[in-house]
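Report on the structure given below.
No value in this document is a laboratory result; all are computed from the given coordinates. Given the structure is predicted, the values throughout are model-derived calculations rather than measurements. Virtual Cβ from ideal backbone geometry, glycine too; neighbours counted across all protein chains shown.
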Amino acid sequence: MSRTQRVRGRSPPDRDDWQVSTVARRTTNHDGAAVCAVTGETVSLSEPHFYVTLRRESEYRFDPAEYDHLVVADGALGELDEWLEGGEE
């Protein structure tokens, strides 16, 4: 099972109306950092990390869905799974 299949459709603990759409492992070619949504550690965007796309359906039929993203540290995929389980309680 792919990492996206494992978590697709699940919601972060504090964002019930958002659902995970995709999980991609990536790096960027520019300097910068972001805070890992799961562990709170600082993640260098030029190093491998996971980019988690969230999707929220529009309240209105003809408005497009909204998208947001989270950065997750490279070694924290297991923690992401547990963190998302916390949102299901």
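Quick notes on this one:
- For the chain, the longest principal axis of the Cα atoms and the long axis of helix 77-86 meet at an angle of about 30 degrees.
- Net charge of the neighbourhood of Gly75, taken over other residues with C-beta under 12 Å away and scored Lys/Arg +1, Asp/Glu -1, is -3.
- For the stretch 11-89, applying the loop criterion from DSSP together with a ceiling of 16 other beta carbons within 10 Å to the trypsin sites (Lys or Arg not before Pro) yields Arg15, Arg61.
- A value for percent of Cα pairs over 19 Å apart was derived from the coordinates, and within the list (i) 39; (ii) 46; (iii) 60 it appears as (i).
- Placing +1 on each Lys and Arg Cβ and -1 on each Asp and Glu Cβ, with no other charges, gives the chain a dipole about its Cα centre of roughly 460 debye.
- Here the calculated FRET efficiency for Thr39 and Arg61, from their Cβ-Cβ distance with R0 = 30 Å, stands at 0.20, rounded to the nearest 0.05.
- Helical mean residue ellipticity (222 nm; -39500 (n - 2.57) per DSSP H run of 4+; nearest 500) of the chain: -4500 deg cm²/dmol
- Candidates per chymotrypsin sites (Phe, Trp or Tyr not before Pro) in the stretch 2-82, loop by DSSP, up to 15 other Cβ within 10 Å: Tyr60, Phe62
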